[in-house]
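Trainee: Got a structure here, written out as structure tokens. Questions coming.
The values are calculated or read from the model by the stated rules, or taken from the named source; none is laboratory data. Keep in mind the model is a prediction, meaning the values are calculated, not measured. Note that each Cβ is placed from the backbone with ideal geometry, even for glycine, and that neighbours are counted across all protein chains shown. These area figures cover heavy atoms from the full protein model, side chains too; ligands, DNA and RNA do not enter into them. Shrake-Rupley method; radii C 1.70, N 1.55, O 1.52, S 1.80 Å.
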Amino acid sequence: MHHTVRQLRPVLVCLAGTDRASAVSEALNEATSEEELVAVLGGLPCILPLPAAELLTVARTSTTPAELREALALDYQAFNEALAALGAPYKPVCDPDLHDRTFSEFLRAHADSILDRLRERYAPQAAGGGDVAAYAAARHMDDLTADPDWLPRFASPPEEQMRARVAHWLRSHGAEDDLERAGDLEPVDELRSLNTAALHRLVSVLTKLVPAWCRRHRVPVPPSWNSTPMMEARTAVHGSGLADLLVLSEKRLLSEVARSVGWPAGMPHSADPGFLGLTAHDLAQPPVPSPGIVGSRGSVQPTIKIGEEEIVVGRDHFAAIADLAAHTVDETFLGQSGKVRLDIMAPVPQPRRTPDARTTRVVVSRKAQLTEEQKAAIGLVGEVSARAWLERRYAEVHWVSGYAAVLFEDAAASDAHGYDFEVAYRGSTRLYEVKATSESYTEQMEFELGVSEERAAREYARSTRYRILLITSALDPERRRVLELPNPLAAAGRDRFRVVGRGLRYQFYPTDGVSHPISKK
């Protein structure tokens with residue numbers, strides 16, 4: 001009887017009106033039997049959705065007021081207003097996760113149009129040499145979220161409401177709000193490809209000119225020119241948003257490169273050897289060891305091949321490996337969604353902890369026999385690729401792994417974190433652990449978690465913050481692929497992975513039908 005009354009109260013307030021909430025509650029409280037409840041229902045100044053006896057039966061068998069509302073097809077907003085009018089223990093029926101998913105799907109479906117409207121707004125500003133930082137931030141749409149006012153009004157946000165919210169957001173940026181009109185500008189992927197290719201050519205020239213000019217004029221070479229100039233220049237140019245808006249001139253690219261990589265004191269902003277007063281003798285590079293030469297102890301130095309270029313591996317060569325990897329990241333790779341469906345597998349047993357917390361995190365191939373230096377190099381290529389992919393999607397990406405500690409002498413970076421990247425996203429931080437492989441995407445794949453990674457995965461298992469990025473075919477730019485995987489210890493991934501072998505190795509089966517060659521970090 002008590003359960004039935006509790007279920008009926010918001011239904012009757014919804015039907016009779018919130019101004020009658022007190023009267024409805026008093027009438028229900030006075031009923032001591034179902035016969036009296038039937039009489040109360042018959043005396044209400046409203047039309048019942050069912051005969052009184054049937055309504056009691058449905059109320060008795062419903063587990064929650066929300067379930068009863070659905071069974072009676074009551075207006076969602078009016079029912080929530082009734083719940084709010086009644087107060088505790090009642091509370092409005094809301095599903096914020098469903099709202100977020102629905103709105104995110106709407107944004108994905110209209111992402112090209114939204115970006116085009118923003119680009120049209122800011123392209124003239126970029127062409128005039130103005131600051132487009134507002135565009136660089138807006139293109140990620142981090143502040144374009146589902147309206148919280150929708151929650152008590154709609155079970156799921158209607159398209160017209162979502163469209164209106166996007167239109168208002170676009171107008172707040174001074175952009176047009178028509179999502180159906182074709183774009184006026186060159187497609188963004190083509191612009192990005194053109195600007196990236198021009199940047200690659202420019203930096204390739206400058207890596208010779210800058211040291212040569214510094215040697216001739218006896219001034220220090222800015223440190224980044226001896227480290228990862230291409231990677232840093234690419235991050236800066238694409239991070240600025242300029243590469244999305246117009247074809248960048250050499251002068252504009254030079255300015256961005258000088259700002260991000262550094263520029264020697266007194267050196268003119270030019271990539272013309274003649275203008276810089278450099279001769280062929282000035283440009284002659286000091287001899288460097290070629291890949292695969294015999295070392296002082298008679299051993300051949302191990303190498304890897306990234307695309308068509310072979311490069312010596314080892315910690316001393318991390319900067320060169322990272323920069324070469326950055327050269328091979330193209331728009332085809334960056335345009336991948338990372339989405340992959342995983343087949344359901346048997347529940348994952350609790351992985352056995354490895355007592356040695358000092359285990360090195362490297363790529364491990366099941367097929368190829370790789371040296372530790374080659375494994376580490378493949379892992380580095382994977383993280384460079386992952387960094388570019390993340391920077392395409394998020395405004396703030398922080399590289400915090402051991403590779404970043406070596407490349408940038410960052411004391412705060414360490415493999416002890418248990419993840420490689422921290423990404424700011426809508427007031428929270430997502431944590432990405434990168435796994436890389438020189439083998440291709442296959443129907444059955446595995447990756448291994450180190451001790452610190454397993455600890456981090458377990459620590460964040462109650463949320464969706466910790467994620468895995470698996471880079472397949474890391475050394476083959478034409479076949480390289482990125483898969484965004486859930487935390488295998490979280491609810492979303494618990495039945496999608498299986499612990500195999502000894503240690504902390506996880507096996508999974510993608511089901512998206514793509515047949516693409518896997519080494520593990």
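Trainee: Which whole-Hz couplings ³J(HN,Hα) result when phi for each residue of segment 182-190 is put into the Karplus expression 6.51 cos²θ - 1.76 cosθ + 1.60, θ = phi - 60°, listed in order with x for Gly and Pro?
Mentor: Residue by residue, segment 182-190 yields 5, x, 8, 9, 4, x, 4, 5, 5 Hz.
Trainee: Give me the percent of the accessible area of the chain that comes from carbon and sulfur atoms, probe 1.4 Å, all protein chains in place.
Mentor: Within the chain, the accessible surface is 51 percent carbon and sulfur.
Trainee: Quick one: Karplus J couplings for segment 402-413, per residue in order, coefficients 6.51, -1.76, 1.60, θ = phi - 60°, nearest Hz, x for Gly and Pro?
Mentor: Values, residue by residue: x, 5, 5, 4, 6, 5, 10, 6, 8, 5, 7, 7 Hz.
Trainee: Within segment 438-468, list the GluC sites (Glu not before Pro) lying in a DSSP loop whose Cβ has at most 13 other Cβ atoms in a 10 Å radius.
Mentor: Of the GluC sites (Glu not before Pro), the ones in loops of segment 438-468 whose Cβ has at most 13 other Cβ atoms within 10 Å are E443.
Trainee: With the cut-off at 1.5 for a/c, could you classify segment 4-67 from its C-alpha gyration tensor as rounded, prolate or oblate?
Mentor: Rounded is the answer for segment 4-67, as its axis ratio a/c remains below 1.5.
Trainee: Follow-up. Give, rounded to the nearest 20 debye, the magnitude of the charge dipole that the chain has about its Cα centre when Lys and Arg contribute +1 at Cβ and Asp and Glu contribute -1 at Cβ.
Mentor: 1960
Trainee: Assign unit charges at the C-beta atoms only (+1 for Lys and Arg, -1 for Asp and Glu), then state the dipole size of segment 132-283 relative to its Cα centre in Debye, rounded to the nearest 20.
Mentor: 1080
Trainee: If amide hydrogens are placed 1.01 Å from N in the peptide plane, which non-local residues have theirs closer than 5 Å to the one on L342?
Mentor: Placed amide hydrogens put T511 under 5 Å from L342.
Trainee: Moving on. How large is ³J(HN,Hα) for each residue in segment 428-441, as worked out from phi by the Karplus curve 6.51 cos²θ - 1.76 cosθ + 1.60 (θ = phi - 60°), to whole Hz, x for Gly and Pro?
Mentor: Each residue's phi maps through the Karplus curve to give 10, 10, 8, 10, 10, 9, 9, 10, 10, 9, 8, 9, 8, 4 Hz.
Trainee: Specify which residue in the list P477, Q374, V397 is farthest towards the positive end of the charge dipole of the chain, using unit charges on the beta carbon of Lys, Arg (+1) and Asp, Glu (-1), about the Cα centre.
Mentor: Q374
Trainee: Put +1 on the Cβ of every Lys and Arg and -1 on every Asp and Glu Cβ in the chain; which of H173, V500, A84 then has its Cα farthest towards the positive end of the dipole?
Mentor: V500
Trainee: Classify segment 44-198 as rounded, prolate or oblate, taking a ≥ b ≥ c as the square roots of the eigenvalues of its Cα gyration tensor: rounded when a/c is under 1.5, otherwise prolate if a/b is larger than b/c and oblate if not.
Mentor: prolate
Trainee: Okay, moving on. Hey, could you grab the Kirkwood Rh for the chain? Inverse mean 1/r over distinct alpha carbon pairs, Å, one decimal.
Mentor: 27.2
Trainee: Hey, another quick one. How large are Rg and Dmax for segment 180-264 when calculated on the C-alpha trace, in angstrom?
Mentor: Just the Cα atoms of segment 180-264 yield Rg and Dmax of 14.8, 58 Å.
Trainee: Pick out, in residue order, every one of the GluC sites (Glu not before Pro) in segment 140-194 that is DSSP loop and has at most 11 other C-beta atoms within 10 Å; say none if there are none.
Mentor: Taking segment 140-194 and a limit of 11 other Cβ atoms within 10 Å, the loop GluC sites (Glu not before Pro) found are E180.
Trainee: If the viscosity is 0.890 mPa s and the temperature 25 °C, what Stokes-Einstein diffusion coefficient in µm²/s follows for segment 376-464 when Rh is the Kirkwood radius over Cα pairs?
Mentor: 176
Trainee: Which value, in debye to the nearest 20, describes the size of the charge dipole of segment 44-105 about its Cα centre when Lys and Arg Cβ atoms bear +1, Asp and Glu Cβ atoms bear -1, and nothing else is charged?
Mentor: For this selection, approximately 280 debye.
Trainee: Using a/c under 1.5 as the rounded threshold, could you call segment 103-165 rounded, prolate or oblate? The axes a ≥ b ≥ c are square roots of the C-alpha gyration tensor eigenvalues, and prolate needs a/b larger than b/c, oblate otherwise.
Mentor: The shape class here is prolate.
Trainee: Please give the per residue accessible area of the chain, computed with a probe of 1.4 Å over protein heavy atoms only, in Å².
Mentor: With the other protein chains kept in place, the chain gives 48 Å² per residue.
Trainee: Tell me which of A416, V261, Q125 sits at the most positive position along the dipole axis of the chain, charges placed on C-beta atoms (Lys, Arg +1; Asp, Glu -1).
Mentor: A416
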